[in-house]
């Protein structure tokens with residue numbers, strides 16, 4: 001992780017990564033790589049970003065000891081990295097601000113983004129408003145329906161939200177459409193990709209902008225507990241940006257167990273979940289070589305998750321390598337488990353988590369009771385749940401109706 | 001000399017650009033595609049580009065996207081496309097180039113794919129999302145082992161060093177994307193296209209075909225005057241969308257009308 005472990009000069013993490021894009025995008029990717037590598041070493045760029053992260057976005061975000069819930073579960077102590085308290089309600093702003101500054105530096109007047117849950121879209125719309133950039137966000141129609149509040153937020157921030165009605169009308173299709181826009185308007189547009197996905201340099205650049213999550217958390221843990229390293233670090237994994245932001249801080253600490261939680265959806269059949277390590281295999285999607293959920297003949301599978309942000313058939317290349325190395329253990333939380341965890345945190349601690357983050361919480365709640373009370377579990381609470389009120393209500397209603405039907 | 005080289009050499013000897021026709025295999029179904037290939041040949045196509053349908057075609061505009069959906073819905077997969085090529089090959093000697101995304105090929109295994117494609121009578125393969133950086137060495141070597149031509153794209157954003165690289169690696173011809181963007185017909189050609197095509201053609205040792213957004217006889221005439229080949233895709237795919245199983249007649253007529261300017265243009269044909 002971080003600089004040492006990759007990627008190599010061709011953008012590969014082991015056998016994952018690369019630049020699988022149409023020729024038209026190769027020169028712009030080279031331009032972006034040069035601009036990023038220059039910017040990240042420039043003090044002025046870093047200083048401007050740090051200032052925005054502190055004064056505008058609200059960093060550092062707190063680390064919170066969920067005492068009551070930990071006691072109730074009767075095991076390990078659960079600490080929540082409160083990225084849900086970052087401006088715009090999720091960790092996504094770290095990256096959106098970084099890339100928007102970069103776009104301005106490259107002289108691009110327009111930015112585009114894809115969004116699933118809407119958090120990256122809101123973050124990009126926010127950064128664009130802040131820096132005076134034109135902004136278009138691509139979002140699947142299905143996601144626009146289930147994340148309606150975020151659609152409204154993006155529009156209020158001055159962004160155009162373009163509905164995507166192709167394919168499964170979710171995140172995957174939004175990325176397709178964003179790539180088509182980029183290939184068409186490449187000369188004056190920068191594509192702010194929102195996860196550790198896509199062609200080099202995106203996987204490492206997006207990771208780097210999120211490293212602050214883990215760096216803060218280790219400092220805060222030391223202050224709160226006297227210990228710098230948790231026993232477990234847990235994050236949900238869609239593309240993997242919040243997971244790498246947290247996990248990278250522990251790359252040199254093999255004693256910290258890293259656990260990535262994928263969306264288990266409603267079942268184990270292809271199309272019922274978004275668990276790339278439970279049925280995915282080597283493929284190429286959206287510019288990168290990685291684990292991909294697909295059929296035997298290389299057509300990309302549709303996925304399902306109650307959380308729009310995890311509903312995606314591929315995973316970031318670095319996380320694919322960390323899987324093969326055994327450094328990150330992967331598990332799944334089903335829709336039902338995630339919604340249950342949502343309720344548990346809401347009632348137990350007074351925090352409404354994003355349904356994405358609720359997947360990580362579900363795993364923490366599963367593990368905590370089996371660990372001694374002096375053990376520490378660090379969970380990345382990557383986003384807040386305001387956007388999910390309708391999804392949770394719908395889910396609970398459908399479950400209650402199904403249960404009633406069963407009784408009769 | 002393979003079939004692609006022969007076709008471009010023959011057109012050059014007739015002092016004209018080759019007409020390259022693109023359709024998606026399996027739209028509306030594979031049996032019909034065989035009939036449609038015959039229609040393309042009747043109309044005067046010199047090279048056939050067959051699309052392999054893919055679920056996530058990031059370089060394609062709406063017309064080709066819908067075509068891929070119809071092909072996938074009819075059950076068309078890469079294996080079926082290769083069977084179709086084998087059937088076409090028993091009847092015709094026209095060069096056939098596959099136009100695909102990489103994932104279906106990777107799923108089959110690059111070596112296995114190349115062997116099967118060659119056995120079916122495919123002449124060249126263009127992978128839209130496989131630039132030279134990713135095609136070397138595995139893909140290019142696998143094609144070379146089966147004497148298949150790797151076809152690469154160049155775009156208005158391609159730098160001089162990329163142009164050289166592609167010219168070194170390519171066989172058959174080089175495919176120039178007429179403007180930044182996805183496939184699909186447009187009302188007007190990019191204003192700088194003719195100048196750029198001329199300049200690019202001088203740099204290349206391979207024939208240069210130009211595509212993406214060429215859809216009218218006037219556009220074919222303009223591009224055909226300065227290139228070795230003109231690719232028309234979405235305009236033909238649109239006819240298949242409109243006429244479905246009955247598209248053969250309209251398709252043959254369209255190809256005849258679209259390729260006619262190339263046959264008339266002999267005098268003005270741009271020499272390298």
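Values quoted throughout were computed directly from the atomic coordinates according to the rules given, and no laboratory measurement underlies them. These numbers come from a predicted model, not from an experiment. In this analysis, Cβ positions are derived from the backbone assuming ideal geometry, glycine residues included, and neighbour counts consider all displayed protein chains.
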Computed, not fitted: 222 nm per-residue ellipticity of chain A from DSSP H runs ≥ 4 (each -39500 (n - 2.57)), nearest 500, equal to -13000 deg cm²/dmol
The exposure ranking of A:342, B:8, fewest beta-carbon neighbours within 10 Å first, is B:8, A:342
Expected max-MSF residue from B:196, B:242, B:42 in the GNM of chain B (alpha carbon, under 10 Å) is B:242
per DSSP, antiparallel bridges as share of beta bridges in the protein assembly as shown, % nearest 5, sits at 20 percent
Assertion target for A:305, B:178, B:120, ordered by fewest C-beta neighbours within 10 angstrom first, is B:120, B:178, A:305
Segment A:3-49 and segment B:31-45 have their Cα centres apart by a whole-number Å value of 45 Å
Across the alpha-carbon set of segment B:45-102, Rg over Rh with Rh taken as the Kirkwood radius works out to 0.98
Shape call for chain A, from the Cα gyration tensor axes a ≥ b ≥ c (a/c under 1.5 means rounded, otherwise prolate when a/b beats b/c, else oblate), comes out rounded
Of A:27, A:66, A:129, the most mobile residue in a GNM of chain A (C-alpha springs, cutoff 10 Å) is A:27
A student applying the Cα gyration tensor rule (rounded when a/c is under 1.5; otherwise prolate if a/b is larger than b/c, oblate if not) would label segment A:1-71 oblate
Taking a ≥ b ≥ c as the square roots of the Cα gyration tensor eigenvalues, with a/c under 1.5 meaning rounded and otherwise prolate when a/b beats b/c or oblate if not, segment B:3-263 comes out rounded
Rounded to the nearest Å, the spacing of the alpha-carbon centers of segment B:194-211 and segment B:1-26 is 15 Å
Check: C-alpha center segment A:87-158 vs C-alpha center segment B:107-168, spacing in Å is 37 Å
In Å, the Kirkwood hydrodynamic radius from C-alpha pairs for the protein assembly as shown sits at 26.1 Å
Across B:166, B:220, B:136, the residue with the highest GNM fluctuation in chain B (Cα network, 10 Å cutoff) is B:136
Segment B:166-261, Kirkwood Rh and Cα Rg, ratio Rg/Rh at 1.00
Assertion target for B:47, A:137, ordered by fewest C-beta neighbours within 10 angstrom first, is B:47, A:137
